[in-house]
Amino acid sequence: MSRQHDADAPGAGRVALAFGELFGSAPDGVWAAPGRVNLIGEHTDYNEGFVLPFALGHTARVAVALRPDGPPRLRAASLQGADPAGTGQAATAGRIAEAGLGQLEPAAVEPWARYVAGIIWALQQRGHHVPGVDVLLDSDVPSGAGLSSSAAIECAVALALDELLDLRMARQELVLLCQQAENVFVGAPTGILDQSASLLGTAGHALFLDCRSRDARQVPLDLAEHGLAILVIDTRVAHAHESGGYKDLVAACRRGAAALGVPALRDVGTERLAEARRILDADTFRRVRHIVTENQRVLDTVATLDTAGPRAIGPLLDASHASMRDDFGISCDELDAAVEAAQQAGALGARMTGGGFGGSAIAVVPVEDATAVAAAVRHRFAAEGYLAPDLFVVEPGDAARRIDR
Ligand code: GLA
């Protein structure tokens, strides 16, 4: 594969050089996988519904070497001293986490490195032999920000091992491999949203994905052409999906589907909401209503992008946020403040993005208003006594790729 971006070269060089210093020889290659922003379609993925994410320019980069003659061990290190996978637990920059590959177990690996070990484990589950492997990670996907820093690690490692072991798995299969690693090895019952965006995204496009059939379509999202920018507001309220909240929501959705007699909430349309209200308890009903209306909003957003363009999607984003706040219960004061301040300062639409309980919001803003919107959000956070948010502009970038040649 040829190098896709000149901009990739410095990132590849930096992690390859550090790899040589740490492990004593050059890596076999360097791969990059992006984080993602979800434009709309939250918690619909594990309900077999619709999502509309895009890949970011921010990536996790891994330098990887197989050690077929060495002991069958994983050695993994990260250039980030902080918490490259957003696990809530700090990693030590440059410290090597080691694990035997004979019987890989999550408890034997420090939390961030489980996203690396989990991929090896998932390959072993499929009958592939993985020899000793060294991995060095360097990531600029903000961690714990709801931008899929952990899926970016999984996807970069999966792509690297697929190539080095000559497995030739299709990208859609790699998505499922990464999901299995995250669901079973890491223990977070997530869907395929994050990994699909990272492995299938395309610059200038959002990815419209049917999470049941896995049909994917690239929907043009050329923001600059329409004088727009998407502002990410990282509230710096950390979240983790291995813990309670996310699992409880998955369970509530399953309960709702079972009570309505369908395999997944994907099969419930808005016309059944009145019936759902009658047979479900109040909390479960609100969870169900979010999923049912959110699926419809994804479809409406795609139709709007196709016909009217991105300037017209604002009300759908606003409605999505309200639904997550009021029905799904996954927002928090900081996210609500970010969304509200952005809306009041001229954003066309704004919503929290990702799993929730913290992380980031996005705002679609006319380019000329971006500075004012950012200032308004900062001002509001200061006035509320919140931590200062991180704000940056993003646009749809390319999927995971090899970057050292
Ligand atoms: C997290 C999960 C995804 C998805 C989102 C919510 O990012 O990893 O699978 O469920 O939350 O849309």
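The values are calculated or read from the model by the stated rules, or taken from the named source; none is laboratory data. From a predicted model like this one, the values you see are computed outputs, not experimental measurements. Using ideal geometry, Cβ is built from the backbone for each residue, glycine included, and neighbour counts are taken over all protein chains shown.
Against the conditions (1) touching a residue at least 40 places away in the same chain (Cβ under 8 Å); (2) more than 12 Å from the ligand (Cβ to nearest atom), where does Ala145 fall short? Just the number, please. With (1) touching a residue at least 40 places away in the same chain (Cβ under 8 Å); (2) more than 12 Å from the ligand (Cβ to nearest atom) applied to Ala145, the lone miss is (2). Among the residues of the range 265-298, count how many are surrounded by fewer than 18 Cβ atoms within 10 Å (Cβ to Cβ) and of a type outside the set (Ser, Thr, Tyr). Going through the range 265-298 one residue at a time, the tally reaches 14. Would you confirm whether or not the range 231-244 contains a residue that is within 16 Å of the ligand (Cβ to nearest atom), in the same structural domain as Ala151 (by TED's automatic domain parsing) and not in a strand (DSSP E or B)? No, that holds for no residue. Residue count for the range 165-217, restricted to those that are more than 10 Å from the ligand (Cβ to nearest atom) and either of a type in the set (A, V, I, L, M, F, W, C) or not in a strand (DSSP E or B) (or both): 36.
Of the set (1) part of a strand (DSSP E or B); (2) away from the ligand (no atom under 16 Å from the Cβ); (3) in the same structural domain as Leu66 (by TED's automatic domain parsing), all apply to Val157 but (1).
A search for C-beta distances below 7 Å between a residue of the range 97-121 that is of a type in the set (Ser, Thr, Tyr) and any residue that is outside any strand (DSSP E or B), counting only pairs 6+ apart in sequence or on different chains, returns Tyr115/Ala85; Tyr115/Ser150; Tyr115/Ile153; Tyr115/Glu154; Tyr115/Val186. Scanning the range 168-214 for residues that are hydroxyl-bearing (Ser, Thr, Tyr) and more than 20 Å from Gly355 (Cα to Cα) turns up Thr202, Ser213. Residue count for the range 13-67 satisfying the condition of being away from the ligand (no atom under 14 Å from the Cβ), in a loop (DSSP other than H, G, I, E, B) and of a type in the set (Val, Ile, Thr): 0. Looking at this structure, is Asp404 assigned to a helix (DSSP H, G or I), modelled with pLDDT of 95 or more and of a type outside the set (Lys, Arg)? So Asp404 fails the test.
Within the range 299-336, the residues that satisfy the criterion of being under 26 Å from Ala383 (Cβ atoms), buried (at least 21 other Cβ atoms within 10 Å of the Cβ) and among the aliphatic types (A, V, I, L, M) are Leu317, Met324, Ile330, Leu335.
Entry remark, the range 346-386: residues being away from the ligand (no atom under 16 Å from the Cβ), in contact with a helix residue (DSSP H, G or I) (Cβ under 7 Å, 6 or more places away or on another chain) and not charged (D, E, K, R) number 13 in total. Take Glu163 and tell me if it is without any contact (Cβ under 8 Å) to a residue 60 or more places away in the chain and over 14 Å from the mean Cα position of the chain (by Cα). Spelling it out, it is not the case that Glu163 is without any contact (Cβ under 8 Å) to a residue 60 or more places away in the chain and over 14 Å from the mean Cα position of the chain (by Cα).
If you go through the range 94-118 and keep only what is loosely packed, with under 14 Cβ neighbours inside 10 Å and of a type in the set (Gly, Ala, Ser), you end up with Gly100, Gly102, Ala107.
To keep it simple, each residue is scored yes or no on (1) buried (at least 24 other Cβ atoms within 10 Å of the Cβ); (2) outside any strand (DSSP E or B); (3) at pLDDT 95 or above.
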position: Glu340; (1), (2), (3): no, yes, yes
position: Phe357; (1), (2), (3): no, yes, no
position: Ala363; (1), (2), (3): yes, no, yes
position: Ala372; (1), (2), (3): no, yes, yes
